[in-house]
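The values are calculated or read from the model by the stated rules, or taken from the named source; none is laboratory data. As the structure is a prediction and not an experimental result, all values here were calculated from the model. Ideal geometry is used to build each Cβ from the backbone, glycine not excepted, and the neighbour counts take in all protein chains shown. Keep in mind that these areas ignore ligands, DNA and RNA; they rest on the heavy atoms of the full protein, side chains included. Shrake-Rupley method; radii C 1.70, N 1.55, O 1.52, S 1.80 Å.
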Amino acid sequence: MSENMTSYIADAEKALLHTYNRFQIVLDHGDGVKLYDTDGKEYLDFVAGIAVFAFGYNNKTYNDALKAQIDKIIHTSNYFYNVPAIEAAKKFKKASGMDRIFFTNSGAEAIEGALKTARKYAFLKDGKTDHEIIAMNHSFHGRTFGALSVTGNPHYREAFEPMIGNIRFADMNDIESVKEQITDKTCAIILETVQGEGGIYPADRAFLTELRRICDERDILLILDEIQCGMGRTGTMFAYEQYGIRPDVVTSAKALGCGVPVGAFAMTEKVGAHSLSAGDHGSTYGGNPLACAAVSKVFDIFEELHILENVKTVAPYLSEKLDELMGKHDCIIAHRGMGLMQGLEFNMPVGEIINKAMDKGLILINAGTNIIRFVPPLTISKKNVDEMVEILALAISYSESGTHSFTV
Ligand SMILES: *Cc1c(COP(=O)(O)O)cnc(C)c1O
């Protein structure tokens, strides 16, 4: 590492709150599916800023749209209409099948909005304030209090108790465990269509279909968190399309702005008409013209670049190559995923493999201690998959061979 990079890192550790154990590189710029650090070293990117940069870095159409919006107006406040927000909302409706959209600044805020929607919907029915929400073990919904309260990882919650209250946890893909938690007070069930941070666990078709049926029967809101698995990642704009169901409320973020901080929660007409109304919710920045110009352009670029078609072509290839890799290495014990959201589970911590891959010019990330997660830009090619697998195989062999003692 150059002295230059070492000194950046030293400065960072003196000024930034240490809430992340960061990789020891400073990223400088990106182009397509490649990233470059401040020393000019090139990396093949299989993380996309954690499922954010759907069409890769430095897309000219996207950059030009943002620059044009900056020169017009960046912010107006939500007391006025703005054209980019109108355009973005129309495109989101079309892509999601939802009817009413609220733009936020992040994923966690989209979750907060979805939870408030569910409580208000139930409140308007019976005037009570003791409603319950069911969430899944191993889920991840974000770091703010509401989102943390429905995050099924006690380790993330422990030091910050008490949570918002009246949350019950069930197991993903275990319908009986959900039924056990349902009471007359249940107002919503929230889950990720494909669990991300928790280790890449897609919902089973039978499980999700049955949840939809139960929610319909009891007028419970089904909230699907598609912050990571939505926006084309699984081969359809939203993963739930592949299950033949529609949620009552959906949350989005990550690839929604492809780098500009923006999220959204959206709902059906029925829920929109019977939940949050004027004065119930707001955000100074949420849905501002700059963020919405990005969202609007993102939807256009998905069509121009035939992103979904590319996912449908490359994902089966990635899946096949990861199966092959599992066949060759005993330390890989499971392979799961949907589209370009895949995970390999190891019988050991994967920190060393990820660091070795980085040395060799490949950026990967974990999901939990023992799982490597693959969430590349949706524009990757089969050739990029080959390059990735070649480096990963080397990194695994290195780890298997040895007495190395590095952990994440
Ligand atoms: C990343 C993520 C969040 C939180 O989004 P932030 O923008 O980091 O607040 C919530 N849910 C899921 C499924 C996520 O992957």
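Quick rundown of the values:
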read-out	value
Within region 105-149: backbone nitrogen closer than 20 Å to the Ile50 label point (7 Å, Cα to C-beta)	105-115, 136-149
Test item: Cα-centred dipole of region 46-161, Lys/Arg +1 and Asp/Glu -1 on Cβ, debye	440
Rounded accessible area per residue of region 81-185, 1.4 Å, Å²	51
Anisotropy class of region 262-311 from Cα gyration tensor, a/c 1.5 cut	oblate
Sulfur and carbon atoms: percent of accessible area, region 341-408 [1.4 Å]	50
Cα lying deepest toward the dipole's positive end in region 43-150, options Thr144, Gly49, Leu124, charges on Cβ	Leu124
Helix-only CD estimate at 222 nm, as mean residue ellipticity for the chain, using -39500 (n - 2.57) per DSSP H run (n ≥ 4)	-12500 deg cm²/dmol
DSSP-defined antiparallel bridges as percent of all bridges, the chain, nearest 5	65
Carbon plus sulfur fraction of accessible area for region 187-237, probe 1.4 Å, in percent	48
Alpha carbon centroid spacing (whole Å) that separates region 25-100 from region 149-163	31
Contact order normalised by residue count of the chain, Cα under 8 Å, 6+ apart, percent	22
Chymotrypsin sites (Phe, Trp or Tyr not before Pro) lying in DSSP loop within region 26-118, provided at most 13 other Cβ fall within 10 Å	Tyr79, Phe80, Tyr81
GNM result for the chain, Cα springs below 10 Å: residue of Glu109, Glu304, Glu42 fluctuating most strongly	Glu304
The chain: DSSP helices with Cα axial extent of at least 27 Å and average Kyte-Doolittle hydropathy no lower than -1.0	107-126, 307-328
Rounded accessible area of Arg205 (nearest 10 Å², 1.4 Å probe)	140
Nearest-20 debye value, region 240-381 charge dipole, Cβ charges on Lys, Arg, Asp, Glu	200
Candidate residues Arg218, Arg143, Arg373: accessible-area rank, largest first, probe 1.4 Å	Arg143, Arg218, Arg373
Sequence-separation-based contact order of region 349-390, relative, with Cα cut under 8 Å and 6+ spacing, percent	31
Test item: Cα-centred dipole of region 266-310, Lys/Arg +1 and Asp/Glu -1 on Cβ, debye	220
Cα centroid of region 284-305 to Cα centroid of region 311-337, whole Å	33
Solvent accessible area, Å² - Thr234, 1.4 Å probe, full protein context	10
Of Val389, Ser96, Ile332, farthest towards positive along the dipole that unit charges on Lys, Arg, Asp, Glu beta carbons give the chain	Ser96
Inter-site label distance for Thr19 and Arg213 at 7 Å from Cα along Cβ, in nm	4.2
Solvent accessible area, Å² - Leu27, 1.4 Å probe, full protein context	90
Solvent exposure of region 346-389 as accessible area per residue, Å², 1.4 Å probe	30
Å² of accessible area per residue within region 224-305, as computed with a 1.4 Å probe and no ligands counted	30
Mean separation of Cα contacts under 8 Å (6+ apart) over length of region 271-408, as relative contact order %	22
Within the accessible area of region 1-147 (1.4 Å probe), percent carbon and sulfur	57
Most to least accessible of Asp39, Asp130 (protein chains only, probe 1.4 Å)	Asp39, Asp130
